[in-house]
Structure formats: structure tokens, C-alpha cells
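The values are calculated or read from the model by the stated rules, or taken from the named source; none is laboratory data. In this text the structure is predicted, and so the values were computed from the model without any measurement. Glycine gets a Cβ as well: all are built from the backbone with ideal geometry, and neighbour counts include every protein chain shown. Protein only, heavy atoms only, side chains kept; ligands, DNA and RNA dropped before computing areas. Shrake-Rupley method; radii C 1.70, N 1.55, O 1.52, S 1.80 Å.
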Amino acid sequence: MSGLPTDLEIARAARIRPIDEIAAAAGINPEALERYGRYKAKIDPAALLASAPHGKVVLVSAMSPTPAGEGKSTTTVGLGDSLARAGHRVMIALREPSLGPVLGMKGGATGGGYSQVLPMDEINLHFTGDFHAITSANNALMALVDNHIFQGNELNIDPRRMTFKRVLDMNDRALREVVIGLGGPAQGVPRQDGFDITVASEIMAVFCLSTDLADLRGRLGRITFGYTYDRSPVTVADLGVQGALTLLLKEAIKPNLVQTIAGTPALVHGGPFANIAHGCNSLIATQMARRLADIVVTEAGFGADLGAEKFMNIKARSGGLAPSAVVVVATVRALKMQGGVAKDQLIVPDAAALEAGVENLRRHVRNVEKFGVTPVVAINRFSSDSADELEWLLAWCAAEGVQAAVADVWGRGGGGDGGDDLAALVAKVVAGPNSFRHLYALELPVEEKIRTIAQEIYGADGVEFSVPALKRLADIKRNGWSNLPVCMAKTQYSFTDDASRLGAPKGFTIHVRDLLPKTGAGFIVALTGAVMTMPGLPAAPAAMRMDVDDAGNPVGLT
Ligand code: ADP
């Protein structure tokens, strides 16, 4: 329509180098390299353990997302390329895409424009099979549980109190609620079940928070999949299958090496949901990147109220990480939407809406400072942005005392000069002092941890717990899970739990509907509002535009 090349066209026209060259330039021992075709490889973490992780971590987060798109992955890739162009040893660490959004509405997750990871189509489709392995481990657990019940149910599992479901890496609303075990005594014990999308599986979260195989086995064993008839939690270790699940994941747990359009090495590994999980790539990949590079650029899902908060309070705690800088991606379009402009009016300059919407950015930036980390605002430039709007935003940041740069890594690429200003600011912050701290101590009661996040990060007056949530709090205390961190499941569109309240609302309460203990991942999910763990497809799914030509080239991937 616009005459501009699509992400797929740009990716296919890019020069892609054999993965051995990328690995050699990154200093990866050839013996650690397990090739998957010419352009992808798994890296054996065991072969790199001799060196300690030293690289500084730059976390890319964002203002509250809008359907206009903020470009976190694009900025992550572009910033990595720009830092490499400036002479730093850089590694990018991203999440793996899920087929649900690829075939559905959002499209892929390999960045955009001239800031993408390659091979774009393979990463967005089956890649190296990690999601297959995670799906299989999840479903093996469920098959083993149902078999245990069928064979006499020695553990006294109550089939009505299962908290784990089967999974599939697909948006398939028809599978949300199912009944299994029908057909008579030989077919199993009938019970109500359902499917989640693979990225919502606790096994995905466990996979992404584990430090090594032993930790993976330990966490898998601690997963609570249901309760007994007398309401005691039943774990994978009670069933004795943590070894089998670890075995199913032993290859998948090795990070995947790919490259950006500019040839910067990138580890793309793991991909948990950012609502009922923590929304970050695997800790093993981040730590591997820190062994290989001086600066690691990574990303957390949704806005800084969700992804960055969880990175700081969950992932950083599991891995002993401390981010050295947080990049907050903002766009003029999204700020205008936060200021009340409709999606189809965003190309019209609107100074008043920009000024109103910037309150959203202010709250995110101040929140990052509460963790003792310096924020840098990346203004992701869209071609429809006016020079006046960009200048106004830069001046606003300067007046607020916040470092900011306009980045055109989508249009000009980080390998070009599109991210030079941003990279220079980030490099300066990374080299400076850092007094990272978590927002709360683990010893605080769960309800106080939730209150702290709601008040400090969202700006809420307080928190209201439903009757079921209060009951669950009592269970959590009784079962000895009070010291786990909290993983908030809240709409990404608003600081409140109401997606329609944009900007930086004040005078609101956060409503906690239920609490889900994820004892393997090691956090308590606090559900506010409805959370979709098996999304549906839209009326016109992206799949309708996809094909493959006679030469085997992909068509229509976005
Ligand atoms: P996020 O990680 O925040 O979800 P992505 O980086 O995946 O966002 O980008 C979402 C979509 O927006 C992609 O299709 C990408 O090509 C597009 N996009 C990102 N930045 C720009 C930009 N500056 N101009 C035009 N399109 C962009």
C-alpha cells in the first residue's frame, strides 16, 4: 500500500552470514556450537561455564502499549546493532515468537524494518523446536497425571481441583474448556479439562527462570499441578516425573544463536507470557550473553509497569542480575493515543494530546528510577511524526531531567546511523554508577507485596481482594509459599485494571480476583481482571495472507 518494503521483504533481501562466522566473531568455542541448518545454532551452556558472566544488562521496556505499536523488539535489535557499530562487544537476548500471535493478529516477534533478527521466517515458525519440547513436557505431565488417576490414584488427587492444563502453541478458543476421559472405564477417568497456549504454561516460565539443568529439575519437581481430596497440594515430585520432564527439555534448554540484519549476534530463547508469567527470555540465555559480551540488550514484554517490574523483582532476583540501564520506548503516536486520540487520527499533529499523553511516560520513567536504575527514553520514530512533535518531546524529557534520543532504527537500521544517538546515551549510562534495588523484600506478606506494586508502580490508592483471593491467601500461608515474589496479571493497556483508562490515572483501586501459586516457577500470580491463557483468532487472521512460493520462499509473514 505504502510502497515501502515489508518486514519479510527486507529480511529476505538482507545478507545473511553462515552461523559459524557469527559464532566465531562472538568468541564462541566451535565445540559449543550445535548447528540447525546454515543460519541457526544451539550453544551448549556447559562449554561456556569457564568464564563468569560480566556483561552489563540493558533492559528495553516501554510506556503503556497501545494498538498503535511501540516497537520494543525493533528498538532492542536496533540498539544492539548501534552499540556494536560504536565498537562495543554486544549480544542481544530476545524471546522466541509464539505461533498464536504469528498466525493471529500481532504477527511475528523478530523486530521490524531494518532492525530484525534473521532468518525471520524460521524464527517466527518452528525455529529449533523449543516450543515443541516445552509443549511435550507439559503434555507428558498431564498424560502421566491422568494415568496415575486411572491406575488407582495412590496420591488421592482430586480430579476437580487440577490447576494444570494441557497446552498447544496456537490460538484456539475452541479448546479452552473440554471434557476428557469419556467413553467408558477403559478410557480413563472423565474430568473437566482445558488447553492453554504453550507460552502460558508454567513449564515455559520454569524453563526461562532456571539457572541450569539441576535447577530446572528442581523447579519442575516443585510445580503444583493440583490438590488432593483433603486439599493438600500435589507436586510433580510427588508423582516422581521431574526427571522425565527434564530429559524432554535437555536440548531445548540450550540457547539459540542467530544474527541481526547488521550481523550482531542474538540469542533468541524462551518466551513466557507477560501476564500470567514474567515475560522475559531465558535466564540461561541472558547469562550466556553476559559471558560473551560487554553489553547485553534484552527486552521484557508489555509496558514498564509489567515487564520491567517483573524483570526487576522476579528474573533479576532468580539470576542475581542487576540491569545497568532501562530503555523506555515511547512513540509520538502512542503518546497521542494515551492523550485520547483515536487510532485513525494519529497522523494528525495534536500538541494538546501529546502533552496530556506524556503523563503516561512520566509515570513509567519515575517508576524505573525507583529501582535505582537510570532510564533512557527511546523515541521510536514513525514516518508520520512531525519534526515539531519530536522536538517537543525531546524538550519535555530535557525539562524532566530524563535522557532521551530519537531513534530511527526501523527506517535506517541500527547498523546504519538510525540509533547512534540512543546508543551513545545508553553506553554512557551503562558506564555510570548504578544502585539497583528490588522494590520489596520477599519476607513481606503476599498482600503487602501486591500493595507495594499497586501503589508504587501503578499509582493506585489501594488494593481490594475478592473473597476467593482472601481464601487463597490463607492457603498460601498454610502451604508455606508466602516468601515467593508476586507476578501481576493486569491489562497492559492501563496502569489500572481497566483497559480503557489511559494516561496516568489517579484515585483508583486494584482489584485482585484470584491468586495462582506457581510453585515451580517460584511466584504467586495475582489475577486482576480477566486474563486470557488461550487466546482466540481474530476475524481476519494473519494466516489468510500467508503462503509459500514454488521455490519454497515464505509469503505474507509479518
Ligand atoms: P513490540 O516489541 O513493542 O511489540 P515490535 O518491535 O514487534 O513491537 O513492532 C511491532 C510492529 O511495528 C512491527 O511490525 C514493526 O515492523 C512495526 N514498527 C516498529 N517500529 C516502527 C517504526 N518506527 N515505524 C513503522 N513501523 C514500526
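Things to note:
- Check on Asp498, of a type in the set (Asp, Glu) and over 30 Å from Ala342 (Cα atoms): no
- Here is the figure for segment 403-418: residues that are away from the ligand (no atom under 11 Å from the Cβ) and closer than 11 Å to Ile379 by Cβ total 2.
- Of all residues making up segment 305-333, the number that are among the aliphatic types (A, V, I, L, M), under 15 Å from the mean Cα position of the chain (by Cα) and either open to solvent by 10 Å² or more (accessible area, probe 1.4 Å) or more than 16 Å from the ligand (Cβ to nearest atom) (or both): 3
- Failed criterion for Glu448 (all others in (1) touching a residue at least 40 places away in the same chain (Cβ under 8 Å); (2) out of contact with any Phe, Trp or Tyr (no Cβ under 7 Å at 6 or more places or on another chain); (3) farther than 25 Å from Leu354 by Cα; (4) not basic (Lys, Arg) hold): (1)
- Asp385 open to solvent by less than 30 Å² (accessible area, probe 1.4 Å), over 25 Å from Lys506 (Cα atoms) and within 16 Å of the ligand (Cβ to nearest atom): yes
- Gly152 of a type outside the set (A, V, I, L, M, F, W, C) and without any contact (Cβ under 8 Å) to a residue 12 or more places away in the chain: yes
- Taken over segment 371-390, the criterion of being touching a residue at least 24 places away in the same chain (Cβ under 8 Å) and part of a helix (DSSP H, G or I) is satisfied by Asp388, Glu389, Leu390.
- With respect to the conditions (1) open to solvent by 40 Å² or more (accessible area, probe 1.4 Å); (2) part of a helix (DSSP H, G or I); (3) touching a residue at least 12 places away in the same chain (Cβ under 8 Å); (4) more than 16 Å from the ligand (Cβ to nearest atom), Ala423 lacks only one, and its number is (1).
- Exclusive hit being outside the structural domain of Gly279 (by the TED database) and touching a residue at least 40 places away in the same chain (Cβ under 8 Å), set Leu216, Leu239: Leu239
- Counting the residues of segment 103-128 that are of a type in the set (Phe, Trp, Tyr) and either free of Cβ contacts under 8 Å to residues at least 12 places away in the same chain or surrounded by fewer than 23 Cβ atoms within 10 Å (Cβ to Cβ) (or both) gives 1.
- Counting only residues that are farther than 14 Å from Ala404 by Cα and of a type in the set (Val, Ile, Thr), segment 339-367 holds 3 of them.
- Looking only at segment 176-205, residues that are part of a helix (DSSP H, G or I) and touching an Asp or Glu at 6+ places or on another chain (Cβ under 9 Å) come to 2 in all.
- Residues in segment 468-495 that are within 30 Å of Arg362 (Cα to Cα), touching a helix residue (DSSP H, G or I) at 6+ places or on another chain (Cβ under 7 Å) and in a loop (DSSP other than H, G, I, E, B): Pro485, Lys490, Gln492, Phe495.
Matching residues to (1) farther than 13 Å from Lys40 by Cα; (2) part of a helix (DSSP H, G or I); (3) within 11 Å of the ligand (Cβ to nearest atom):
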| site | (1), (2), (3) |
| --- | --- |
| Ala93 | yes, no, no |
| Pro101 | yes, yes, yes |
| Lys106 | yes, no, yes |
| Ala109 | yes, no, yes |
| Gln116 | yes, no, yes |
| Ile123 | no, yes, no |
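- Flag for Lys336 being in contact (Cβ under 8 Å) with a residue 24 or more places away in the chain and among the basic types (Lys, Arg): no
- Restricted to segment 339-370, and to residues there that are among the acidic types (Asp, Glu) and in contact (Cβ under 8 Å) with a residue 12 or more places away in the chain, the residue that is most open to solvent (accessible area, probe 1.4 Å) is Glu355.
- Every residue from segment 1-41 that is more than 15 Å from the ligand (Cβ to nearest atom), surrounded by fewer than 18 Cβ atoms within 10 Å (Cβ to Cβ) and of a type in the set (D, E, K, R): Arg15, Arg17, Asp20, Glu21, Glu31, Glu34, Arg35, Arg38
- Considering residues of segment 129-143 that are out of contact with any Leu (no Cβ under 9 Å at 6 or more places or on another chain) and part of a helix (DSSP H, G or I) only, the residue surrounded by the most Cβ atoms within 10 Å (Cβ to Cβ): Met142
- Residue match in segment 392-410 (condition: assigned to a loop (DSSP other than H, G, I, E, B), surrounded by 23 or more Cβ atoms within 10 Å (Cβ to Cβ) and in contact (Cβ under 8 Å) with a residue 60 or more places away in the chain): yes
- Search result, residues across segment 509-557 that are open to solvent by 60 Å² or more (accessible area, probe 1.4 Å), under 23 Å from Ser98 (Cβ atoms) and out of contact with any strand residue (DSSP E or B) (no Cβ under 9 Å at 6 or more places or on another chain): Ala530, Leu537, Ala539, Ala540, Met544
- Count of segment 68-79 residues which are outside any loop (DSSP other than H, G, I, E, B) and either open to solvent by 10 Å² or more (accessible area, probe 1.4 Å) or away from the ligand (no atom under 13 Å from the Cβ) (or both): 3
- Residue that is farthest from Gly107 (Cα to Cα) [pool: residues in segment 57-86 that are among the polar types (S, T, N, Q) and touching a Ser or Thr at 6+ places or on another chain (Cβ under 8 Å)]: Ser64
- The set of residues in segment 334-360 that are within 16 Å of the ligand (Cβ to nearest atom) and touching a Leu at 6+ places or on another chain (Cβ under 6 Å) comprises Leu335, Lys336, Gln338.
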